[in-house]
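*Asks:* This is the structure, below, for whatever I ask next.
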Amino acid sequence: MATSGSGAAGGDASSTQATAAPSSASQGGGGPTTTGGGAEQGGGGVGGAGGCQSASDCDDDNPCTSDLCADAVCDNVAIADGPIGGADDPNDCRDRLCQAGEEIDLSDNAENPIDANPPCELTVCASGTPTPDFAGAGTQCGASGSGLECDGAGICAGCQDAGQCGSDTECATPLCDVGTGVCDPGFEGYGFLLSDEDANCTQRICNGSGAPTTVSDANDTFDDGRSCTLDTCDGATPVNDPYGAGSAPLGCNGVCQGGSYLGECGLRVYSRAFPQAGSWSWQPVSTAFEDQVPPTGILAAEMNSAGNRLFVWSSDGSVYEYFSGDWRGSSLSTDRFENLVSGTTIAAAVMANAGSSFDILILTTTAGETCFGPEGQARRCSYTYNVEPTGAPAHATGPASIPPQSPPNQPPQDIVPIAWGFGEQRYPGDSAELDRVVAWKGLEGIVYKELLFRDPPYDPPFTEASSELLINGATDAPAPGTVVAAYYDRPNTTVYLVAP
């Protein structure tokens with residue numbers, strides 16, 4: 001091979017796949033499940049003593065083969081048939097092609113070579129060669145009304161100033177040699193780049209005969225602004241092919257999604273057995289939530305202790321609900337949760353069961369209304385709801401101010417919004433095991449572990465990287481400080497973290 005080019009390709013990142021919504025073991029029905037899941041050969045040879053070291057050692061000086069070196073043995077493989085270099089020169093009166101790995105050079109008198117000095121000297125193809133074609137003596141040339149004429153030998157003669165030879169254009173600056181009276185058309189050469197601000201796989205150039213023309217340009221790709229598409233050109237047509245779901249190209253703060261979000265970058269759902277030690281696995285949100293939840297803007301998530309209801313809150317004010325095997329679409333949080341003040345933004349959700357028929361769901365907020373404590377100081381707000389295995393969540397309290405930090409190791413959740421939280425119940429919530437009901441909360445990179453029915457309730461806090469959550473399953477875990485939501489599948493003792 002005499003010349004080589006380069007290309008780009010997007011590779012898919014791989015991950016261990018896991019079920020991210022309630023499973024068939026959960027009460028009320030099964031949840032969504034997911035599973036992981038030429039050219040002709042030319043002649044070969046040895047590139048010098050001891051064999052080849054690289055493809056450059058195997059260059060056979062043939063532009064129609066791809067030169068390879070494998071196991072110290074050269075192989076020269078025929079490339080696909082077509083124009084050499086992928087495009088034919090339309091001005092040279094020839095077609096240079098590859099056929100079955102061989103270079104073919106054919107005459108093409110139908111091509112249009114560059115005119116040297118129109119109208120006095122045109123150029124035509126004759127026997128595969130650009131050939132001058134002179135206009136007859138007396139043919140008018142130069143600017144309109146200039147009185148100049150062709151001399152029959154390709155010259156526009158008789159000028160006294162450049163204005164007689166023609167007007168300046170973006171591809172020509174005519175000149176006059178006053179001493180000889182000969183016009184020079186002043187053409188820019190073929191391929192001279194002209195201004196072209198459109199990203200449309202084309203480039204405006206000069207055609208060598210004083211006029212602009214447009215050619216395809218593989219480097220003039222259209223950037224659609226999405227990091228999960230590969231911007232290329234198919235000739236003069238822009239192409240924005242999406243990367244496969246799960247791939248993580250540069251610029252994507254997370255992973256590429258699938259389904260209706262194909263080509264979009266978004267969050268992942270990480271999961272692992274917990275509290276027992278285990279490794280993490282992950283899926284794109286579009287896969288984990290079966291294309292039902294937007295893969296960006298997730299603020300909070302939580303599952304009930306029965307494992308048949310999952311709520312996911314989004315920054316657009318919606319809440320998405322998975323119930324007993326089916327996604328039920330979205331609704332406004334203020335419609336689904338009674339007394340939630342309009343404009344409220346959910347920060348985190350924690351749900352736990354205290355041995356009754358329902359779970360207690362606590363929602364904390366980042367914006368919306370302002371709550372005031374007994375001392376009159378403005379504090380963040382919380383709401384509580386009773387969540388049965390079926391039916392609408394029932395409002396219990398709120399909006400109410402979050403009490404100030406008082407017990408040892410309590411997070412400053414009254415003034416700093418909780419980034420994520422979930423309720424983990426390691427045993428059935430009967431009276432003998434209430435100290436096993438644990439609320440996990442993360443804010444400002446610190447993890448707080450609250451045993452809801454113990455006094456004092458809080459263990460000493462950890463950094464995210466050193467907490468039980470990440471340190472027991474560090475491989476493929478989300479990066480510390482990136483988690484935006486979390487929930488716990490109690491029947492399957494599995495924790496889920498939503499993060500880039």
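*Asks:* So how do Tyr487, Tyr448 line up by other beta-carbon neighbours within 10 Å, fewest first?
*Replies:* Tyr448, Tyr487
*Asks:* To continue, here is another question. For the chain, max minus min Cα coordinate along each principal axis, in Å, sorted largest first?
*Replies:* Principal-axis extents of the Cα atoms in the chain, largest first: 112, 64, 37 Å.
*Asks:* So, one more: Label Ser466 and Asp335 with points 7 Å out from Cα along Cα→Cβ: what is the distance between them in nm?
*Replies:* Reported label-point gap for Ser466 and Asp335 is 4.7 nm.
*Asks:* How large is the dipole of the chain about the Cα centre if only Lys and Arg carry +1 and Asp and Glu carry -1, each at its Cβ, rounded to the nearest 20 debye?
*Replies:* Numbers: 17 positive and 66 negative charges, 775 e Å.
So the magnitude is around 3720 debye.
*Asks:* Please give the length that would be gained between Thr232 and Thr370 if that part of the chain were fully extended, namely 0.36 nm times their separation in residues minus their C-alpha to C-alpha distance (nm, one decimal).
*Replies:* Numbers: separation 138, 0.36 × 138 = 49.68 nm, distance 5.03 nm.
This chain segment gains 44.6 nm when fully extended.
*Asks:* Mind checking the full-extension length gain between Asn409 and Ala153? Use 0.36 nm per residue of separation minus the Cα-Cα distance, one decimal, nm.
*Replies:* 82.4 nm
*Asks:* Tabulate in residue order the Karplus-calculated ³J(HN,Hα) for the range 378-393, using 6.51 cos²θ - 1.76 cosθ + 1.60 with θ = phi - 60°, rounded to whole Hz; enter x for Gly and Pro.
*Replies:* Each residue's phi maps through the Karplus curve to give 5, 9, 6, 9, 9, 10, 10, 9, 9, 10, 7, x, 9, x, 6, x Hz.
*Asks:* Starting from 0.36 nm per residue, how many nanometres of slack lie between Ala87 and Asn253 once their C-alpha separation is accounted for?
*Replies:* Full-extension gain reported as 56.0 nm.
*Asks:* What is the spin-label model distance, in nm, from Ser216 to Arg328 if the labels are put 7 Å beyond Cα along the C-beta direction?
*Replies:* For Ser216 paired with Arg328, the spin-label model returns 5.4 nm.
*Asks:* So how far apart, in nm, are the two label points at Ala199 and Ala479 if each is 7 Å from Cα heading toward Cβ?
*Replies:* It works out to 2.4 nm between the two label points.
*Asks:* To continue, here is another question. Let me have the 222 nm mean residue ellipticity of the chain computed from DSSP H runs of 4+ only, each contributing -39500 (n - 2.57), with the sum over all residues rounded to the nearest 500. Please report the intermediate quantities before stating the final value.
*Replies:* Details: 4 runs with 16 residues, N = 500.
Value at 222 nm, helices only: -500 deg cm²/dmol.
*Asks:* Where in the range 137-152 does the amide nitrogen come within less than 19 Å of the point 7 Å from the Cα of Ser167, taken along Cα to Cβ?
*Replies:* Residues passing the 19 Å test: 141-148.
*Asks:* Taking the Cα centre of the chain as the origin and placing charges on Cβ (Lys, Arg +1; Asp, Glu -1), which of Leu193, Gly325, Tyr385 is farthest toward the positive end of the dipole?
*Replies:* Tyr385
Values in this text are rule-based calculations from the coordinates and carry no lab data. Computed from a predicted model, the values in this text were never measured in an experiment. Cβ sites come from the backbone with ideal geometry, for glycine too, and all protein chains shown count toward neighbours.
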